[in-house]
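The values are calculated or read from the model by the stated rules, or taken from the named source; none is laboratory data. A quick note: this is a predicted structure, and the numbers were derived from the prediction, not measured. No Cβ is skipped: glycine too gets one built from the backbone with ideal geometry, and neighbour counts run over all protein chains shown. Calculation scope for accessible area: heavy atoms of the full protein, side chains included, ligands and nucleic acids excluded. Shrake-Rupley method; radii C 1.70, N 1.55, O 1.52, S 1.80 Å.
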Amino acid sequence: MNYCKKCENPLDEMAYIICGGECAKRFHSICVDLTKDQLALLSSANIKWMCDQCVCRQLYLQSQSLLMPFQQLRPTQSKNVFEKAKVIAEPSALAHLEGANAKMFKRKEYLTFGACMMLTLIIMAAFFVAIQVSVEGKCNLVPGNSEEPRTNIQTNSNSVSCLPALEIVVRDQWLAQPPIKDMIPLKLPVERIIVIHTRTADCETQAACTFTVRYTQTFNIESQQQDDIIYNFLIGGDGNVYEGRGWDYRGSVIQGYNDDSISLAYIGSFKKQMPSEKQLNVTRLLLAEGVRLGKLSSDYRIVGANKLDPTSTATSADALYESFKDWPHWSDH
């Protein structure tokens, strides 16, 4: 008999899903926060779902190249970190463990996921050790595009508030399909930001948000006959920004307004429910990053999609637009 790897109860009485990652484990759909509609889509769309453990392992492997400079900064500490990470990223290494450590790892399978989380904390600590608060009162944080430092905005004259770094999950990380055709470049800097919602279930974990983003791209391409996912960026309830067409290419959200706009799509349905504070905070970071990179004009305007296409039901998101009313760049027209 097969059992759910999360709750350890039998699978035969409830709907379940198989992880498409390396572990190939089975889970009850409710145990991994997948709705019946999302589960049904997996059988009809070419989308592979992965558990949090496999997502974590994949992100670690993709982040190795970003962490290589730390081996030069702190050779001994970096070596220890990568040796520990290798055991987690390569399950076959567990077979070579001896004594008490082997027994501990084999006792409960979920300890692998716990070790992955510990690795994440170690990596975060390494970043904060290497990126110090300068004496001038500025915080050099991990940049949104992971290529160059981003100066944090000081909240008052006496102290510096170090906000979480902007985390952009790029297309390769959420396993995007390649565009059907070459994308059309935008003329930068852009002066208009269009905010809209995806009209899907909301998400609180990276695994769930990744599923929604991949489903959205599949729906846009196969059902709406678009060349790619239609949004420039998607804002997840997990506090991450998911790259759609990005800063440099034209989206396909509102006909007649795509040539000079960048679209931000909030994952969820926000007709009555406002986006979370986490989603709004990461929006501020993303917009500041866009201005810093020269992708957005410093006097950009934020416009609700309903103002540009008031007859479309897809743009009906009153609570979303209400949450921006007090923002300095908000425009009612």
Residues other than Thr35 with Cβ under 15 Å of its Cβ, Lys/Arg counted +1 and Asp/Glu -1, net out at -2
Give me the extension gain from Asp299 to Asp172: residue separation times 0.36 nm, minus the current Cα-Cα distance, reported in nm with one decimal. 42.6 nm
Relative to the present Cα-Cα distance, how much length would full extension add between Trp327 and Arg292 at 0.36 nm per residue of separation? 10.7 nm
Length gained when the stretch Gln255-Arg26 is fully extended (0.36 nm per residue, less Cα-Cα span): 78.2 nm
Tell me the net charge near Gly237. Cut-off is 9 Å between Cβ atoms, Gly237 excluded, with +1 for each Lys or Arg and -1 for each Asp or Glu. -2
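Provide His333, His28 ordered by accessible surface of protein heavy atoms (probe 1.4 Å), highest first. Don't jump to the answer; show the numbers that get you there.
Details: His333 160, His28 5 Å².
Highest to lowest solvent-accessible surface, that is His333, His28.
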Enter the accessible area of Met118 (Å², nearest 10), with the probe set to 1.4 Å and all protein chains included. 120 Å²
Summed side-chain charge close to Pro328 - residues other than Pro328 whose Cβ falls under 13 Å, Lys, Arg +1, Asp, Glu -1: +1
Given axes a ≥ b ≥ c from the Cα gyration tensor, I'd like to know whether region 168-323 is rounded (a/c under 1.5), prolate (a/b larger than b/c) or oblate. rounded
